[in-house]
Amino acid sequence: VVDYYKEACRALENSETASLLGKIQKDWKKLVQMKIYYFAAVAHLHMGKQAEEQQKFGERVIYFQSALDKLNEAIKLAKGQPETVQEALRFTMDVIGGKYNAAKKDNDFIYHEAVPALDTLQSVKGAPLVKALPVNPTDPAVTGPDIFAKLVPMAAHEASSLYSEEKAKLLRDVMAKIEAKNEVLDQFMDSMQLDPETVDNLDMYSHIPPILMEKCAALSVRPDTVKNLVQSMQVLSGVFTDVEASLKEIRDLLEEDEAQERKLQELLGKVPPPQGSPPPPSLGLAEVSKECSKYMEVHEKASFTNTELHKAMNLHIGNLRLLSGPLEQVRAALPSPTLTEDDKQVLQNLKRILGKVQEMRDQRMSLEQQLREMIQKDDITTSLVTTDRSEMKKLFEEQLKKYDQIKVYLEQNLAAQENVLKALTDANVKYAAVRKALAEVEHKWNTTVQTLVASYEAYEDLMKKSQEGKDFYTDLEGKAARLLEKARAACQAAEANRQQILEKEMKKQPPPRPTAPKPALQKKPPELEAGGLDVGDLPPLGSLVLSELPEELRSL
């Protein structure tokens with residue numbers, strides 16, 4: 001191997017070779033020299049191992065040393081080489097360096113043999129194990145493809161261009177027919193609004209849609225959903241009723257107090273206020289009345305919201321019960337079409353014809369693609385080189401005949417379109433009634449699904465608003481209860497005040513003139529005790545002596 005690389009190196013040093021290779025000549029020479037040193041190092045490594053087998057320990061040391069020197073030279077020349085080369089050199093250095101160190105140590109301490117000079121030893125001669133073969137410049141395996149293979153006469157190029165134009169003309173004619181038919185087909189299908197995938201969507205009704213299944217699954221892990229919602233609304237209704245009762249009682253107390261105040265004013269002989277305008281209340285009652293009006297206004301506004309919330313709950317509660325129940329009930333609640341045998345036959349016929357339309361489209365596209373590929377691959381340059389110019393037209397005609405078969409197939413496909421569209425029109429007329437019925441059922445089905453989904457999504461909102469309502473009315477209930485106590489206390493104070501006013505008025509009256517006793521007054525006590533006396537039955541206060549009145553009338 002070293003000898004072969006030395007020959008290659010001498011060839012690279014030749015001036016003619018150097019001028020031919022240019023800049024890469026130095027790189028190649030450096031690489032070859034590196035390999036010369038490397039394989040020489042390997043050769044001396046094997047010589048040292050042979051000396052070791054022959055127990056020539058002095059020769060072993062010099063051979064290993066020579067191998068180490070040559071490998072160091074190879075490493076110097078290998079700068080810039082790929083990492084794989086560097087890795088191989090490092091591995092070889094480990095092997096040779098280890099051998100040299102071990103051999104030198106053994107000889108120094110054990111064998112003590114003289115180490116001869118390398119020049120005194122027999123030089124290593126190469127042994128050719130293969131026979132070198134000469135290079136054949138015409139062999140494609142050696143030189144690659146012929147770079148002049150595509151060189152043809154200019155006349156052949158011109159003829160090839162003419163043939164290409166003939167092919168393009170043929171393709172344009174065919175494509176014009178295809179595009180015209182495709183345009184008619186597209187317009188017809190758009191006007192029909194028939195989608196093969198949705199013409200027969202009966203499979204949709206045989207199962208619960210995934211979005212509804214998801215909601216059913218979510219409710220199945222929360223079995224108390226409906227119960228919790230109902231209980232929450234019941235609690236809200238209870239608190240609402242309590243608030244309304246408290247506010248009504250406050251209003252009744254205020255009205256009763258107003259009536260008592262009006263009677264007192266009339267009894268004292270004062271001009272009563274105009275009808276519809278109550279007498280001025282006391283300060284405490286005025287505050288109670290103001291707060292009651294405010295609470296009543298808030299209650300009325302919240303009452304509307306509460307009513308709407310109950311309506312929403314009643315709207316969704318049935319759907320939530322349905323979603324919480326068995327899946328069979330959910331499936332049964334979804335609308336499904338009812339088709340007769342004739343309707344099913346109409347559907348099958350329409351689907352079959354739509355399948356023919358799609359088959360016609362696919363076949364047309366396939367034939368068009370085949371024609372394009374044939375034209376793309378059609379190259380008759382070799383035939384044109386050997387054909388006389390006068391025979392070119394005849395050659396074109398013969399070559400273009402290869403497209404006749406695929407043109408026939410395309411013509412048949414285009415001609416079949418009219419019959420297919422006529423059959424589709426007839427089938428669509430019969431399908432009209434079935435289409436309307438299916439559209440109505442599909443609309444109901446979608447509406448039902450959306451309603452059920454909306455009920456599920458409204459659950460959390462209902463629970464949230466119900467809780468907000470409970471919090472609101474609980475707070476309002478506390479305020480109303482406190483106001484009721486305040487109203488009761490104010491009414492009692494007002495009543496006591498009226499008693500005091502009446503007693504003062506009674507004391508201010510002058511004693512009456514003596515008159516004959518009125519027997520009618522002596523006959524009243526039983527009725528007074530029975531509570532049947534009306535203020536209108538009493539004589540004027542000026543004609544009465546307070547001490548003569550019964551106990552009941554004195555306090556009044």
Identity of the residue in the stretch 182-194, open to solvent by 70 Å² or more (accessible area, probe 1.4 Å) and under 28 Å from Gln348 (Cβ atoms), that ends up modelled with the lowest pLDDT: Gln193
Residue check for Gly98: within 17 Å of Ala67 (Cα to Cα), over 60 Å from the mean Cα position of the chain (by Cα) and not in a loop (DSSP other than H, G, I, E, B): yes
Every residue from the stretch 66-100 that is open to solvent by less than 80 Å² (accessible area, probe 1.4 Å) and among the basic types (Lys, Arg): Lys70, Lys99
Subset of the stretch 42-65 [surrounded by fewer than 20 Cβ atoms within 10 Å (Cβ to Cβ) and among the β-branched types (Val, Ile, Thr)]: Val42
Test: residue in the stretch 16-27 that is among the hydrophobic types (A, V, I, L, M, F, W, C), under 27 Å from Leu118 (Cα atoms) and open to solvent by less than 70 Å² (accessible area, probe 1.4 Å): no
Residue list for the stretch 101-126, restricted to those being open to solvent by less than 70 Å² (accessible area, probe 1.4 Å) and without any contact (Cβ under 8 Å) to a residue 40 or more places away in the chain: Ala102
Top-ranked residue of the stretch 43-67 - restricted to ones that are of a type in the set (S, T, N, Q) and part of a helix (DSSP H, G or I), ranked as nearest to Asp3 (Cα to Cα): Ser66
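The values are calculated or read from the model by the stated rules, or taken from the named source; none is laboratory data. These numbers were taken from a predicted model, which means no experiment stands behind them. Using ideal geometry, Cβ is built from the backbone for each residue, glycine included, and neighbour counts are taken over all protein chains shown. With ligands, DNA and RNA removed, areas are computed over all heavy atoms of the protein, side chains included. Shrake-Rupley method; radii C 1.70, N 1.55, O 1.52, S 1.80 Å.
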